[in-house]
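The values are calculated or read from the model by the stated rules, or taken from the named source; none is laboratory data. Since the structure is predicted, the reported quantities are computational estimates derived from the model, not experimental observations. Glycine gets a Cβ as well: all are built from the backbone with ideal geometry, and neighbour counts include every protein chain shown. Side chains are part of the model used for accessible areas, which takes the heavy atoms of the whole protein and leaves out ligands, DNA and RNA. Shrake-Rupley method; radii C 1.70, N 1.55, O 1.52, S 1.80 Å.
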Amino acid sequence: MLATAWGAAVVGVRGHLVRVEADTAAGFPRFSLLGLPDSSVRESKDRMHAALRNCGYAFKWDRRLTVNLSPAGMPKLGPGFDLAIAAALLAADGELPSGPLASVLLVGELALDGGVRAVRGVLPMLLAAREAGLSDAIVPRENAGEARLFGGLRIHAVESLTKALAIAAREDRPVPPEETPAVSIAAPAPEPAPDLAEVRGQPLARRALEIAAAGGHNLLLTGPPGAGKTMLARRLPGLLPPLRPDEALEAAAIHSAAGASVQRLIVSRPFRAPHHTVSDAALVGGGPSPRPGEVSLAHHGVLFLDELPEFRRNVLEALRQPLEDRIVTVARGRGVLELPARFQLVAAMNPCPCGFRGDARRPCRCTPGQVRGYRSRISGPLLDRLDLRVTVSALPFADLSGPPGETSEAVAGRAGAARELQYQRQGRPNAELGPGSLRRHATLDAEGRSFLAAVVDRLGLTGRGHDRLLRVARTIADLKGCRSVEAAHLAEASQFRHFSPPDE
């Protein structure tokens, strides 16, 4: 007999339905598994042999058994197909009715005693099942939390093969009593987010953070050790608006595809801070079986690179395409994969190898050649993609012991209002405006055009630099509630295009 069941695979961050076809026939005993399975999928025969026997199923293996995972050209990775393969084999043997299997997704790894274990990527698998019109999904109990993050499917969480097959065999599957039919947004974590009020002094850096939060701009902080660069960067997520439900679901699906345990949707923006020893594949994604990297895990959030010149050159250069296109394109022999990467980059670095160049209290012992070599680790094309560049100076005692600054709540209110204006006007933050939209929404008067021409010539800006300066000026105008971009807005934006920390 021939029977089919539905499983699912994750390629990159997207789920894809897999049709599991099982055929039993008389002949020399042989088990054939087709459809580009990896080693963990090929080992499913031995797991199913023990699991079916220990659950009391008298399945006969002494015949010709063929299982095909379709589409055959898509690689199948991981043990998550065990449950679907077992159901298809039992249906082909007549132990299970085949009709009900047409509307249910089966996902899970089998233990030798018949238990069902958790797998990665359940959330994107369920999204694919919902798009395909399936009505039910049977998932491991350990994955129940992330499985119920959205509506559209009846989610059956099981801990054993016996229970999974009993549910799969029913045409009239009941609604699970613990099912949550709609998107649930979890409450914020009990630990409060870092507050900008804890940062003393640094008015220019604080202003840059506000502009970055309002328009989604990239930011570079340069200054000596201990000046507060990391402290400032870690407070940016608290200035950003909460994730919308669709963004929260998308972020959760990416983390699920990467193998993280996702039990709830988050409301705060992701913040990723990889170490400078990270590889290019770990940062932007890829590898033999491509998975999302740090830039995708920071999707809709912040990617913080501390000690920027210490990152390897090839790793930093891999950021250039994601910063422009908001996606990562991974090309492999079997095809091209696109990973989402709509993140906001915040970087921090010292002005020189010893860190004290320009510090009035501590002398710098670096030679001019060492300073040039250190700064040259950041290529011009990458630096051109950083909209805001701020020098953070070491603070005197009077500032360190002074009163607290403005709170994150107050700054986030202004930044959120400015960003709401941008969504109403153009449907996206200013940092994501294309050239045509930018010129349409950032109109200049005669004085503004004259000032912009002078700034472009004086700073030697490229075409990209011109557009990024104009986007920042548009954000400054939004913060002030102005409909058009004026020369004063361009003047403030131009001070953030310099990359020349003060010398001794």
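Quick look at the numbers
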| item | result |
| --- | --- |
| Most to least packed among 146-154, 22-30 [average Cβ atoms within 10 Å] | 146-154, 22-30 |
| Point-to-point label distance, Ser268-Cys482, nm (Cα→Cβ direction, 7 Å offset) | 3.4 |
| Shape of region 221-360, Cα gyration tensor, a/c cut at 1.5 | oblate |
| Global form of region 44-148, assessed from the alpha-carbon gyration tensor, a/c cut-off 1.5 | prolate |
| Share of carbon and sulfur in the accessible heavy-atom surface of the chain [1.4 Å probe, %] | 53 |
| Heavy atoms of Arg206 accessible to a 1.4 Å probe, total area in Å² rounded to 10 | 30 |
| R0 of 51 Å, Cβ-Cβ distance Arg19-Arg362: FRET efficiency to nearest 0.05 | 0.15 |
| About the Cα centre, charge dipole magnitude for region 390-489 (Lys/Arg +1, Asp/Glu -1 at Cβ), debye | 480 |
| Potential extension, Arg64-Phe28 segment - 0.36 nm per residue separation minus Cα distance | 12.4 nm |
| Principal-axis tilt of helix 203-215 within the chain, Cα atoms, nearest 10 degrees | 40 |
| Mean Cβ neighbour count within 10 Å, used as a protection proxy, ranking 470-478, 116-124 highest first | 470-478, 116-124 |
| Residues listed by number, region 110-150, amide nitrogen under 18 Å from Leu36 label point at 7 Å toward C-beta | 125 |
| Mean Cβ count within 10 Å, highest first, over the residues of peptides 132-144, 316-328, 76-88 | 76-88, 132-144, 316-328 |
| Ranked order, His156, His49 - accessible area, probe 1.4 Å, largest first | His49, His156 |
| Cut-off under 5 Å, modelled amide H: who pairs with Leu34 long-range | Val67, Asn68, Leu69 |
| Solvent accessible area, Å² - Asp246, 1.4 Å probe, full protein context | 90 |
| Exposure ranking of Tyr57, Tyr374 by accessible area [1.4 Å probe, largest first] | Tyr57, Tyr374 |
| Mean ellipticity per residue at 222 nm, deg cm²/dmol - from DSSP H runs of n ≥ 4 across the chain, formula -39500 (n - 2.57) | -10000 deg cm²/dmol |
| Rounded, prolate or oblate (a/c below 1.5 giving rounded, otherwise prolate when a/b exceeds b/c) for region 316-419 by Cα gyration tensor | oblate |
| Proximal lysines to Lys76, defined as alpha-carbon separation beneath 16 angstrom and excluding residues fewer than eight positions away on the same chain | Lys45 |
| Entry for Cα extents along the principal axes in Å (calculated from the structure that is shown) out of (i) 66, 64, 47; (ii) 75, 55, 42; (iii) 84, 46, 45 | (iii) |
| Accessible area, probe 1.4 Å, largest first, for residues Ser450, Ser261, Ser494 | Ser261, Ser450, Ser494 |
| Paramagnetic label zone (point 7 Å from Cα along Cα-to-C-beta, Ser103; backbone N under 13 Å) in region 145-174 | 153-154, 168-174 |
